[in-house]
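Presented below is the structure to which this report refers.
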Amino acid sequence: VIDIGIRSSRVRTLTRTIVTVPNGDFSSMQIENFTSRDMFQFLHNLYIKRSADINEIFEMVNDLDTLLKEHELTNKEWNQANILELRQDCYV
């Protein structure tokens, strides 16, 4: 919440935009509290040049996968480290 006024409130969205909502509309909305989640999704892409040694790439993916599986703050069921895409200039 950025600002609470007499008639409306301004809220910053997850995509960093600001939305003005009339205060009367809040009573009819189903509001989701993201801070009370027990888990958050973290999606991060690594871009590795295609000239990199493919065996080292696979070793890195395996090491990342092991790190995610063994880390105390990660979900043991949904972790993935993999080669997602082969581009002309890089691995993703």
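The values are calculated or read from the model by the stated rules, or taken from the named source; none is laboratory data. Since the structure is predicted, the reported quantities are computational estimates derived from the model, not experimental observations. Cβ atoms come from the backbone with ideal geometry, glycine included; neighbour counts cover every protein chain shown.
Taking the conditions exactly as written (of a type in the set (S, T, N, Q), out of contact with any Phe, Trp or Tyr (no Cβ under 6 Å at 6 or more places or on another chain) and part of a strand (DSSP E or B)), does S9 satisfy them or not? The answer is yes for S9. The residue of the range 71-86 that is surrounded by the most Cβ atoms within 10 Å (Cβ to Cβ), among those that are more than 15 Å from the chain's Cα centre (by Cα) and closer than 11 Å to L46 by Cα, is I83. Here L46 clears all of (1) under 19 Å from the mean Cα position of the chain (by Cα); (2) closer than 30 Å to R7 by Cβ except the condition numbered (2).
Of all residues in the range 1-49, those satisfying the criterion of being among the polar types (S, T, N, Q) and either over 28 Å from L73 (Cα atoms) or in contact with a helix residue (DSSP H, G or I) (Cβ under 8 Å, 6 or more places away or on another chain) (or both) are S8, S9, T17, T20, N23, S27, S28, Q30.
L68 meets each of the listed conditions (1) free of Cβ contacts under 8 Å to residues at least 12 places away in the same chain; (2) not in a loop (DSSP other than H, G, I, E, B) apart from (1). Among the residues of the range 1-58, those identified as outside the structural domain of E85 (by TED's automatic domain parsing), among the hydrophobic types (A, V, I, L, M, F, W, C) and in contact with a strand residue (DSSP E or B) (Cβ under 9 Å, 6 or more places away or on another chain) are V1, I2, I4, V11, I18, V19, V21, F26, M29.
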